[in-house]
Amino acid sequence: MQRSTKLIQTTAALALAAGTTAAHATLIAYDPFLTGDDRAAGQYTPQTDIRTMGAAALGWVGTQNVDGFGVPYTGSTSNYQADDPGEDSPAVSYEAPGRMRWLGVGPSAPFDRNVTRQLNPTGDSSEWYFSIMVNRLGWADISGHTYIVGGFTDAGGSGLQVGYDDTAGDFIPDLVLRMGGVNRTLATDVPSSDNQLVMVKLEVDQAGNDTVSVWVDPDSVFDPADLVFDDTNVTDSLAPFTQSKFESPGQSGFAFFDEIRLATTFESLHEQTPSLDPADLDLDGDVDDADFALFFAAFSGPGVPTGN
């Protein structure tokens, strides 16, 4: 028993040192949009085009725990920028300073204003969980508003995204979930400067009848889902997400996005903030003596064979 336990500890320590932790096993991607100038610490400089900064974030190509960091968003506009402060929610405890802001755009010809960032290969799962915090400022009282959304999609742009759309044409945007390229209303006429936490569960049916459950600004992550859609086809793939994507095809007002997460279990979706440092073995946000003790314990004691 001691030898088996020690083998497990050793394997875990090596995996942790390599940057793959058990706690992250089903938390696929996470970016809190921290603000600052330290890219290795996952920080973005405020009021700066997000395409110019490859900040470390769990799960994206070229970010920490893979091969360093530095592959930023790409896309067609400079209107996506880092911003302070961050959004929050009473339902979760992982909020951190910083967010992404969309500067909005006035009346103009339709144009796909988007930015995307490529994910590492995710593996397959029949269940996927996505969450994001969103907020908005005022939208001008003019007709022609289109949507602004952000989330995770495939290469063709189909997936799960949350944001705002003036679906009723009354100049007051509604909170929407864009899934499979179609906007579905979650809440009508949402107030300005009132943030929402949206959590989404996707159950993939490769025959084409997916089920999507949605929690809108829950008081607790243990509340039942507010909405269930069983009449949509988001994807036929068990690995449906290849990128994060924020997009607005035309005129829209200011919006903010924060705490974007992708997971394969609900528990991983709302767990405490993971550390970006692979040496943080106890996942407390610091690399200290406690982490060294965990690593040293994996290579000492009665379970480790000794040479003669």
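The values are calculated or read from the model by the stated rules, or taken from the named source; none is laboratory data. Given the structure is predicted, the values throughout are model-derived calculations rather than measurements. A quick note on method: Cβ atoms are made from the backbone with ideal geometry, for glycine too, and the neighbour counts reach across all protein chains shown. The area values use the complete protein model at the heavy-atom level, side chains included, leaving out ligands, DNA and RNA. Shrake-Rupley method; radii C 1.70, N 1.55, O 1.52, S 1.80 Å.
Hey, if you drop one equal point scatterer on each alpha-carbon of region 133-278 and run the Debye formula without solvent, what base-10 log of I(q)/I(0) do you get at q = 0.08, 0.12, 0.17, 0.21 Å⁻¹?
These q points yield log10 I(q)/I(0) values of -0.22, -0.50, -0.99, -1.40.
By per-residue mean of other Cβ atoms within 10 Å, what is the highest-first order of 244-250, 265-271?
Numbers: 244-250: 22.9, 265-271: 18.7.
Answer by packing, highest mean first, reads 244-250, 265-271.
Kindly state, as a whole number, the per residue volume in cubic angstrom of the convex hull around the alpha carbon atoms of region 143-199. Intermediate results must be reported in sequence, preceding the final value.
Details: hull volume 4.5 nm³, N = 57.
Given the Cα convex hull of region 143-199, per-residue volume reads 80 Å³.
Under 5 Å between amide H atoms, partner at least 5 residues away or on a different chain: which partners does residue 60 have, H built in plane at 1.01 Å?
Amide H neighbours of residue 60, under 5 Å, 5+ apart: 120.
Fully extended, how many nm does the chain gain between residue 188 and residue 232 (0.36 nm per residue separation, minus their Cα-Cα distance)? Before the final figure, lay out the partial values.
Working: separation 44, 0.36 × 44 = 15.84 nm, distance 2.06 nm.
That pair, residue 188 and residue 232, stretches by 13.8 nm at full extension.
Using the heavy atoms of the protein chains and a 1.4 angstrom probe, tell me the accessible area per residue for region 179-249 in square angstrom.
Per residue, region 179-249 has 42 Å² of solvent-accessible surface.
Just order 163-172, 222-231 by mean Cβ neighbour count inside 10 Å, highest at the front, would you?
On the way: 163-172: 18.0, 222-231: 12.7.
Ranking the peptides 163-172, 222-231 by packing returns 163-172, 222-231.
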